[in-house]
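Heads up: the structure comes next, in C-alpha cells.
The values are calculated or read from the model by the stated rules, or taken from the named source; none is laboratory data. Nothing here was measured: the structure is a model prediction, and the numbers come from that model. Every residue, glycine as well, gets a Cβ built from its backbone with ideal geometry; the counts of neighbours run over all protein chains shown. All accessible areas refer to the heavy atoms of the entire protein, side chains included, with ligands and DNA or RNA removed. Shrake-Rupley method; radii C 1.70, N 1.55, O 1.52, S 1.80 Å.
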Amino acid sequence: MLKAVIIDDEKNGRNTLIGLLESYCPEIEIMGEADSVKTGIEAIHKWQPDVVFLDIEMPDGTGFDLLSRIDSIDFEVIFVTAYDNYAVKAFQCSAVDYLLKPVNTDLLTASIQK
C-alpha cells in the first residue's frame, strides 16, 4: 500500500482525484489532503507520504514553491494540473508524471505503476 497526500486548492479537484484513486488504484491509501502550499507542507510532514499528488497554481504559491521548501524530498511527485505549460519544469523537479485535468484514468493508473 502506498501512502498518498493530495495537494490542490480546489476542493472539487481533490474530490475527483480521490474518487478516481479509490476506483482505479486500490494500492493507494489517501492519508490526507491540503489546499495550499502552507497546508501541503504540514500534510507532508504529518503523514510522510510515499507519493504526493500536487497541483501547480495555488493562492499562496506554486507546487514548485512547496517542493523548494521541503528539506528532503523522500516521496514521489505526480503533478495534477490544468496547466500544460509547466511540464518541462515539473520533470526538472524529478516528477514521476504530469497529468492534465480532467485526469484520464489510464494515464493515472500508468503513473501509479511508475
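Looking across segment 48-75, just one residue is touching an Asp or Glu at 6+ places or on another chain (Cβ under 6 Å), under 16 Å from GLY32 (Cα atoms) and assigned to a strand (DSSP E or B), and that is VAL51. Looking only at segment 42-72, residues that are more than 15 Å from LYS3 (Cβ to Cβ) and open to solvent by 50 Å² or more (accessible area, probe 1.4 Å) come to 9 in all. Looking at ILE78, is it in a strand (DSSP E or B) and surrounded by 18 or more Cβ atoms within 10 Å (Cβ to Cβ)? So ILE78 passes the test. The set of residues in segment 81-93 being out of contact with any helix residue (DSSP H, G or I) (no Cβ under 9 Å at 6 or more places or on another chain) and open to solvent by 60 Å² or more (accessible area, probe 1.4 Å) consists of TYR83, ASP84, ASN85, VAL88, PHE91, GLN92. Scanning segment 29-67 for residues that are within 18 Å of ASP9 (Cβ to Cβ) and polar (S, T, N, Q) returns SER36, THR39, THR62. As a summary of the residue check, ARG14 satisfies the conditions (1) surrounded by fewer than 18 Cβ atoms within 10 Å (Cβ to Cβ); (2) in contact with an Asp or Glu (Cβ under 6 Å, 6 or more places away or on another chain); (3) assigned to a helix (DSSP H, G or I) except for the one numbered (1).
Against the list (1) of a type in the set (Asp, Glu); (2) assigned to a helix (DSSP H, G or I); (3) within 12 Å of the chain's Cα centre (by Cα), the condition GLU33 fails is (2).
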